[in-house]
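Have a look at the structure below, then the notes.
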Amino acid sequence: TFQEFRCHTWSKTPLGLWHLWQDRQRFHRLWRQLRQSGQPLSILHVNGEPMMLLLPSRRETGIPVLLHVRDVRMPGFVRISACRRADSIVAISRFAAAGLPHAARPKTKIIYNGIGQAIDNNIFINQDQGSECLLLVADFVAWKRHALFLEMLAEIIKQDPHVHGVVIGRSRDASGTRLLAKLQRQAADLGLSKAVDFVTDCDDVSNYLRK
């Protein structure tokens with residue numbers, strides 16, 4: 001069994017700091033409850049370096065911490081402290097692992113993020129009967145830069161009209177739904193209405209690619 005913990009997205013604002021403090025307090029309460037329940041705890045999986053800021057001290061934790069590295073751009077002090085604290089690290093690609101501190105390399109393993117070793121980033125090009133497909137796999141959150149992908153796609157199509165774009169992602173909340181609608185309007189403004197598909201109901205990207 002496992003216990004999931006969800007937290008806010010922390011922006012670089014006073015509100016973001018407030019959310020961080022709230023999430024840290026909630027996590028510490030949950031952690032105390034789990035320890036007091038008497039159930040065995042075997043591993044703590046931390047999804048992203050910033051989430052390491054939620055953890056109690058190493059002495060209080062007392063179990064191995066597995067850090068899942070998914071992002072390339074990360075403030076240096078956050079990345080260094082997170083990697084130092086983690087007992088083991090999993091990176092989603094060679095590209096993600098390349099940005100880790102040198103001291104973290106021996107305890108880092110690359111496990112590709114569900115779409116196979118043939119894809120080492122979020123853009124996949126597949127030739128099919130003379131056409132090419134550019135694929136972006138990213139949930140609808142602002143920092144994934146979907147808008148930049150659409151701008152790039154529009155420029156590529158000027159050179160090769162046979163290129164088609166596919167964006168696969170989930171709308172996690174109301175802000176994600178608003179972002180998706182904004183991106184669809186942007187695609188229309190760029191003349192991409194027939195040149196890009198937005199796929200929001202895909203739970204298995206590998207299976208989608210095989211199709």
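The values are calculated or read from the model by the stated rules, or taken from the named source; none is laboratory data. Only a predicted model underlies this, so the values are computations on that prediction, with no experimental measurement involved. Note that we place each Cβ from the backbone using ideal geometry, even for glycine, and neighbour counts take in every protein chain shown. All accessible areas refer to the heavy atoms of the entire protein, side chains included, with ligands and DNA or RNA removed. Shrake-Rupley method; radii C 1.70, N 1.55, O 1.52, S 1.80 Å.
Using the 2.2 N^0.38 Å rule of thumb for compact globular proteins, work out how the chain stacks up: its C-alpha Rg over that value, please. Spell out each step's value before the answer.
Working: Rg = 19.8 Å, N = 211, 2.2 N^0.38 = 16.8 Å.
The chain yields a ratio of 1.18.
Please list, or write none, the aspartates and glutamates whose alpha carbon is within less than 19 Å of the alpha carbon of K12, excluding same-chain residues fewer than 8 places away.
D23, E49, D71
Over the chain, what is the mean sequence separation of C-alpha contacts under 8 Å (at least six apart), divided by residue count, expressed as relative contact order in percent? Mind dumping the intermediate values first?
Values: 273 pairs, mean separation 24.6, N = 211.
Relative contact order comes out at 12 percent.
Compare H162, H45, H146 in a GNM of the chain, Cα atoms joined below 10 Å, and give the one with the largest fluctuation.
The residue that fluctuates most here is H162.
For I80, what charge total do you get from the other residues with a beta carbon under 15 Å from its beta carbon, if Lys and Arg give +1 and Asp and Glu give -1?
Numbers: positive: R73, R79, R84, R85, R105, K107; negative: E49, D71.
Within the 15 Å Cβ shell, the charges total +4.
Taking the Cα centre of the chain as origin, sum charge times position over the Cβ atoms of Lys and Arg (+1) and Asp and Glu (-1), and report the length of that vector in debye to the nearest 20. Don't skip to the answer; put the middle values down first.
Values: 29 positive and 19 negative charges, 229 e Å.
Charge dipole of the chain: 1100 debye, to the nearest 20.
If each residue of separation counts as 0.36 nm, what is the full-extension length gain between S37 and Q159 once their alpha-carbon separation is subtracted? Don't jump to the answer; show the numbers that get you there.
Numbers: separation 122, 0.36 × 122 = 43.92 nm, distance 6.20 nm.
Result: 37.7 nm gained on full extension.
What accessible surface, in Å², does a 1.4 Å probe find on R29, ignoring ligands, DNA and RNA and rounding to the nearest 10?
Approximately 120 Å² for this residue.
Heavy atoms only, probe 1.4 Å: what % of the accessible area of the chain goes to carbon and sulfur, would you let me know?
That share works out to 53 percent.
Placing +1 at every Lys and Arg Cβ and -1 at every Asp and Glu Cβ, with all other atoms neutral, what dipole size does region 148-204 have around its Cα centre, in debye to the nearest 20?
With Lys and Arg at +1 and Asp and Glu at -1, about 260 debye.
Using only Cα atoms, figure out Rg for region 2-70 and give it as a multiple of 2.2 N^0.38 Å. Please report the intermediate quantities before stating the final value.
Values: Rg = 12.5 Å, N = 69, 2.2 N^0.38 = 11.0 Å.
Normalised Cα radius of gyration, region 2-70: 1.14.
What are the aspartates and glutamates whose alpha-carbon lies under 12 Å from the alpha-carbon of K107, with same-chain residues fewer than 8 places away excluded?
Leaving aside aspartates and glutamates fewer than 8 places away in the same chain, those within reach of K107 are D87.
Once you list every other residue whose beta carbon is under 9 Å from the beta carbon of A91, what net charge do they have if Lys and Arg are +1 and Asp and Glu are -1?
Details: positive: R70, R94, K109; negative: none.
So the environment of A91 carries a net charge of +3.
For the chain, what does the helix formula give at 222 nm: sum of -39500 (n - 2.57) over DSSP H segments with n ≥ 4, over the residue count, nearest 500 deg cm²/dmol? Write out the running numbers ahead of the final one.
Numbers: 7 runs with 79 residues, N = 211.
Per the formula, -11500 deg cm²/dmol.
Amide H neighbours of F198 under 5 Å, at least 5 residues apart or on other chains, H built in the peptide plane: list them.
Under 5 Å from the amide H of F198: V167.
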